[in-house]
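Any read-out appearing in this document is the output of simple, stated calculations on the displayed coordinates, not a laboratory observation. In this text the structure is predicted, and so the values were computed from the model without any measurement. Here Cβ is always computed from backbone atoms with ideal geometry, including for glycine, and neighbour counts include all displayed protein chains.
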Amino acid sequence: MCGIVGILGHSSVNQSIYDALIVLQHRGQDAAGIVTVDEEDRFRLRKANGLVSDVIQQKHMLRLQGNAGLGHVRYPTAGSSSVSEAQPFYVNYPYGLTLVHNGNLTNSEELKQKLFQSARRHVNTNSDSELLLNILAYHLEQINKYDLDEDDIFYAIQRTHKDIRGGYACVAMLIGHGMIAFRDPFGIRPLVLGKREEKGKTEYMFASETVALDAVGFEFVRDVNPGEAIYITFDGQLYSKQCADNAKLSPCIFEFVYFARPDSYIDGVSVYAARVHMGEFLGKKIAQEWSDVLDEIDVIIPVPETSNDIALRIANILNKPYRQGFVKNRYVGRTFIMPGQTQRRNSVRRKLNTISSEFKGKNVLLVDDSIVRGTTSEQIVEMARAAGAKKVYFASAAPEIRYPNVYGIDMPTSQELIAYNRTTEEIANLIGVDKLIFQDLSALEEAVRQENSAIESFDASVFTGEYITGDITTEYLDKIAALRNDGSKKKQESEATNLEIYSEA
Ligand SMILES: O=P(O)(O)OC[C@H]1O[C@H](OP(=O)(O)OP(=O)(O)O)[C@H](O)[C@@H]1O
Ligand SMILES: NC(=O)CC[C@H](N)C(=O)O
Ligand SMILES: [Mg+2]
């Protein structure tokens, strides 16, 4: 669930891209990068492993010159966490092309072969994003003329859509031409367009979430439509076209549950409002199904921080006090998007601590947005008990997660999911709670749809095992499970570290 940014301005864009990446940091903590185009049509690139503030230092800002650029924060879902797979990616032919990608391709193996055999292009890493860039480059090159106009660009995007499968929101820059943004035919991953007037001229920006536009003073124009491409020339002409057959908005529902920031709007949905509705539905379900224990609950406590708004609404519905019983260490990042289970497990204890007076002698209802591997809930429950809680109840604003994700969330195997092949009672026993309740999928969908009734369908595959692109086979799932479980990832990690081509200390 990476974060992407593209800005086409009339003065230096490095600071705005940096600021935008800082507010998109919650979408990827493993690597960061910025590329700009300078006055002499050269790309200026800086990317490395780490957080934005560590990767992009003053000395890099000085070299990131130019009035147009792209930015990326990475949460790996393919290949490894190695710097060789950090973004933006670059190819020199045709013209010089660079790209940032949020999502995950599901036909990478086939693409790699096709690229090598038909296009005679070699990709050195295991990154699906680098493949995507090369596919786009190949289709631009096939047009075979010097000055590409908007129709040529859109034709290349059409051909790209036909080749690639999966989830993708991308922004690319083509030397001598402009910036191109496009989104997969289902709009699984988010992408918005914004603009800003500077000295009477319009500057444009693309970003994963509207919060990035807010941070740098761009006003929201609209979401990029599923399957649509928007091409803005370096001299400011904007063109757009639907480039996919049968495009239909079916956004990833997990963006609203967990990934996006509450102050963002995605596909016409206020993420904050959707989370409040999730709390409303879940609160009502608890009131209905837990009448036997309702009176016993003394306090509602969120598991910071994504669930805060949900828990507050549940407290209102149940007419119970809401207390921030856990304190979050602001210097520790998000646990779920860390790369290995050991790191994830260690981070929970570093990140959260109890205020024991909020637990001592009380029956507490803990609320989280979701339970995925159970890493957080297992430890949180233990901490609540150690702080003196009498009974611990737990509510999850998302339903049971039982299936892998293939579109840009790194959940490649069912086996690692705590709800896989388990009943609610078995999960309750495992995480050590007295009672556990999950949101119904219909309620979760309704919570989001209340903000935009035009969304007819979602990618909710992690709950249902039904993949919106309709082309995910059991063989494919078995393959990624073998390739991307924690053990094999570690092995790939050490191999990939040696694949760095643009080596910089
Ligand atoms: O069951 P698990 O595998 O632990 O995954 C689910 C947990 O991970 C996420 O929190 P995270 O710490 O990533 O971020 P947050 O601070 O935004 O809640 C999510 O909000 C849940 O708390
Ligand atoms: N989370 C993402 O969007 C990841 C993008 C891409 N698949 C990568 O692994 O770099
Ligand atoms: Mg959390």
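For the chain, the share of DSSP beta bridges that are antiparallel, to the nearest 5, is 80%.
The distance between label points at Gln237 and Ala48 comes to 4.1 nm (points 7 Å beyond Cα on the Cα→Cβ vector).
Our summary gives the range 1-153 a relative contact order of 23 percent, counting only alpha carbon pairs under 8 angstrom and 6 or more residues apart.
Could you calculate the contour length gain from Glu198 to Glu425, that is, 0.36 nm times the residue separation minus the distance between their Cα atoms, to one decimal place in nm?
75.9 nm
Along each principal axis, taking the top coordinate minus the bottom one, the Cα set of the range 184-259 gives 39, 30, 14 Å in descending order.
Measuring between their Cα centroids, the range 440-454 and the range 139-182 lie 34 Å from each other.
Specify the inter-centroid distance of the range 1-67 and the range 196-262, based on alpha-carbon positions, in whole Å. Comparing the Cα centres of the range 1-67 and the range 196-262, I get a distance of 18 Å.
Based on the convex hull around the alpha carbon atoms, the chain presents an average projected area of 22.7 nm².
Qualifying trypsin sites (Lys or Arg not before Pro) in the range 308-413, where qualification requires a DSSP coil assignment and no more than 15 other C-beta atoms within 10 Å, comprise Arg330, Lys360, Lys390. Are there trypsin sites (Lys or Arg not before Pro) in the range 99-192 that DSSP puts in a loop and that have at most 12 other Cβ atoms within 10 Å, and which ones? Here the sparse-neighbourhood loop sites are Arg120, Lys145.
R0 = 35 Å: FRET efficiency of Ala481 with Asp151, Cβ-based, nearest 0.05?
After rounding, the FRET efficiency stands at 0.25.
Starting from the Cα gyration tensor of the range 1-160, take the square roots of the eigenvalues, sort them a ≥ b ≥ c, and report rounded, prolate or oblate (rounded when a/c is under 1.5, otherwise prolate if a/b is larger than b/c, else oblate). Oblate, because a/c is 1.5 or more while a/b does not exceed b/c.
By the equivalent-ellipsoid construction on the alpha carbon gyration tensor, the range 245-295 comes out with semi-axes of 30, 13, 8 Å, ordered largest to smallest.
Each of Pro88, His139, Ser457 was placed along the dipole of the chain (beta-carbon charges, centred on the mean Cα), and the one lying farthest toward the positive end is Pro88. Taking Lys and Arg as +1 and Asp and Glu as -1, the other residues whose beta-carbon sits under 14 Å from that of Ser118 total +3.
Between Lys248 and Phe220, the contour length at 0.36 nm per residue exceeds the alpha carbon distance by 7.9 nm.
Count Lys and Arg as plus one, Asp and Glu as minus one, and take only other residues whose Cβ is under 11 Å from that of Tyr476; the net charge is then -3. Here the gap between Leu62 and Ile143, fully extended at 0.36 nm per residue and compared with their Cα-Cα distance, gives a gain of 25.5 nm. Counting only Cα atoms, the size of the range 36-123 along its three principal axes is 41, 29, 17 Å, in decreasing order. The modelled label-to-label distance for the pair Asn316/Val332, using points 7 Å beyond Cα in the direction of Cβ, is 3.0 nm. Short-range pairs are left out: with C-alpha atoms under 8 Å and at least six residues apart, the relative contact order of the chain is 14 percent. Computed from the Cβ-Cβ distance with R0 of 45 Å, the FRET efficiency linking Lys360 to Glu109 stands at 0.25. Given the pairs Lys47/Lys479; Lys351/Lys391; Lys201/Lys328; Lys328/Lys391; Lys47/Lys328, which span a C-alpha to C-alpha distance of over 32 angstrom in this model? In this structure, Lys201/Lys328 exceed 32 Å between Cα atoms.
Computed on the Cα atoms alone, the convex hull of the range 74-230 gives a volume of 119 cubic angstrom per residue. Simple point charges give the picture: +1 on the Cβ of Lys and Arg, -1 on the Cβ of Asp and Glu, and for the range 92-223 a dipole about the Cα centre of about 280 debye.
Place a point 7 Å from Cα of Gln450 in the direction of its Cβ. Which residues in the range 278-299 have their backbone N less than 17 Å from it? Label zone hits: 278-288. With respect to the chain, whose longest principal axis is taken over its alpha-carbon atoms, helix 271-289 is tilted by about 30°. Here the range 220-322 was treated as a single set of alpha-carbon atoms; its pair distances binned every 10 Å from 0 give 13, 31, 24, 15, 10, 5, 1 percent.
With coordinates expressed along the principal axes, the C-alpha atoms belonging to the range 405-497 extend over 47, 39, 25 Å, beginning with the largest. Exposed loop sites here mean GluC sites (Glu not before Pro) with a DSSP loop assignment and at most 13 other beta-carbon atoms within 10 Å; the chain contains its longest site-free run at 41-455. Computed from point charges on the beta carbon alone (+1 for Lys and Arg, -1 for Asp and Glu), the dipole magnitude for the range 52-169 about its Cα centre is near 280 Debye.
Derived from the Cα gyration tensor, the three semi-axes of the equivalent ellipsoid of the range 67-112 are 20, 15, 10 Å, largest first.
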